[in-house]
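Contents: one structure, followed by commentary.
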Amino acid sequence: MEKQQSAAAAEKDGQRSYRLQNATVPARPLEPALYLVATPIGNLADITLRALETIAGADVLACEDTRVTRVLLDRYGIVNRPFAYHEHNAAEAGPRLIAALAEGKSVALVSDAGTPLVSDPGYRLAQHAIEAGYRVVPIPGPSAPLAALVGSGLPSDAFLFAGFLPVKDKARRDRLAEVAAVPATLLFFESPHRIAATVAAAAEVLGEDRKAAVCRELTKAFEEFRRGTLRELKAFYDEGASVKGEIVLVIGPPQARPAPEEADVDALLKALARNMPMGKAATEAARRTGLTRKELYDRLLHLKDSNES
């Protein structure tokens, strides 16, 4: 209580600060700009010193959920009133934040967890600020995709973060087919109640032998990395395992394969098309050959037209 009172007193005197253990640290004034501040994805100790100083020193602090941000502020003795900026009020709140920049104020934007603009609407605010000629300053720090990537044990020299996969099964499989041949490790956000279906779809579209990791509750008390092939992960989730918490699905890059002969591809497409719709046949052929679904679908259309002429 005494620490909160001392921080409030400092704020009243015009001196902004944050608290580290038992020490109150003054926050230097910020130049007018939009600051994009990464915040912890679970463990509050992951906050950076620069992030604390920026959050404490900003004239305006914008966040997704004021209740979530308040927990972080209380932990570090920061007296700054958070201003809600999220998907549902962006049209109204965004112009108010740009107006604050126009008045020469510093604006800090934080998400509920992780780095702003990654799978949240904050990029629109950054776009407007840039178009209006204001500085945009990233304050780097925690990021769930990067934490999952380095903890997965999968290749990290090239990676593609693809956000959330579609909810509907067909759209999900189509999206997986689009990125199947990308020569990079794939990263997706996923929810607990959909992870079993997503792993099953990935095993079918990308191939059961492809290595992957389900990274759950990163930096939190029940952090878990479940690694294996997509076949092994599918078998685990098929058993009805109870899954909770936030998830990043990491899938390793495809294995290099020799280019298939054109005649072999045509024969495969014809065989598959006898028993399934063209789209599904192209998806299955993509999984078996490593070629893109679009390329194979176009090839199948050509074969169909040739047969009919």
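The values are calculated or read from the model by the stated rules, or taken from the named source; none is laboratory data. Predicted model only: the values in this text are computed from it and were never measured. Glycine also receives a Cβ, built like all others from the backbone with ideal geometry; neighbour counts cover every protein chain displayed. With ligands, DNA and RNA removed, areas are computed over all heavy atoms of the protein, side chains included. Shrake-Rupley method; radii C 1.70, N 1.55, O 1.52, S 1.80 Å.
As I understand it, the dipole of segment 9-160 uses +1 on the Cβ of Lys and Arg and -1 on the Cβ of Asp and Glu, about the Cα centre. Which of A90, G122, L52 lies farthest toward its positive end?
Looking along the dipole axis, the top candidate is L52.
Could you order F159, F222, F83 by accessible surface area, starting with the largest, using a probe radius of 1.4 Å?
Greatest to least solvent exposure: F222, F159, F83.
When the Karplus curve 6.51 cos²θ - 1.76 cosθ + 1.60 is applied with θ = phi - 60°, which whole-Hz ³J(HN,Hα) does each residue of segment 293-299 get, with x for Gly and Pro?
4, 4, 4, 6, 5, 4, 5
In degrees, nearest 10, range 0 to 90: what is the angle between the Cα axis of helix 195-206 and the longest Cα principal axis of the chain?
Compared with the principal axis, the helix lies near 40 degrees.
How high is the relative contact order of segment 175-296? Use alpha-carbon pairs under 8 Å, at least six apart in sequence, and give a whole percent.
The value is 34 percent.
Work out the charge dipole of the chain with +1 on the Cβ of Lys and Arg and -1 on the Cβ of Asp and Glu about the Cα centre, then indicate which of S156, Q255, A38 is farthest towards its positive end.
A38
If you fit an axis through the alpha-carbon atoms of helix 66-75 and take the longest principal axis of the Cα set of the chain, what angle between them do you get, 0 to 90°, nearest 10?
Approximately 60 degrees, to the nearest ten.
Among the lysines, select those whose C-alpha is under 17 Å from the C-alpha of K170, and discard any that sit fewer than 8 residues away in the same chain.
Cross-link targets: K280, K294.
If you place +1 on the Cβ of every Lys and Arg and -1 on the Cβ of every Asp and Glu, how big does the dipole about the Cα centre of segment 162-309 come out, in debye to the nearest 20?
So the magnitude is around 280 debye.
Report the charge-dipole magnitude of the chain in Debye, nearest 20, computed about the Cα centre from +1 at each Lys and Arg Cβ and -1 at each Asp and Glu Cβ.
300
For Cα pairs less than 8 Å apart in space and 6+ apart in sequence, what is the mean separation divided by the residue count of the chain, i.e. the relative contact order in percent?
15
With charges only on Cβ, +1 for K and R and -1 for D and E, what is the dipole size of segment 116-177 about its Cα centre, in debye, rounded to 20?
With only Lys, Arg, Asp and Glu charged at Cβ, the dipole is about 240 debye.
Could you please report the charge total around E224, scoring K, R as +1 and D, E as -1 over all other residues with beta-carbon less than 13 angstrom from its beta-carbon?
Around E224, the charge tally is +2.
Under 5 Å between amide hydrogens, which residues at least 5 positions from V137 or on another chain qualify, with H placed 1.01 Å from N in the peptide plane?
L34, Y35, L36
List the trypsin sites (Lys or Arg not before Pro) within segment 233-288 that DSSP assigns to loop and that have no more than 15 neighbouring Cβ atoms inside 10 Å.
Those that pass, being in a loop and sparsely packed, are K244, R274.
When Lys and Arg each count +1 and Asp and Glu each count -1, what net charge do the other residues less than 15 Å away from Y35, Cβ to Cβ, add up to?
Summing Lys and Arg as +1 and Asp and Glu as -1 gives +2.
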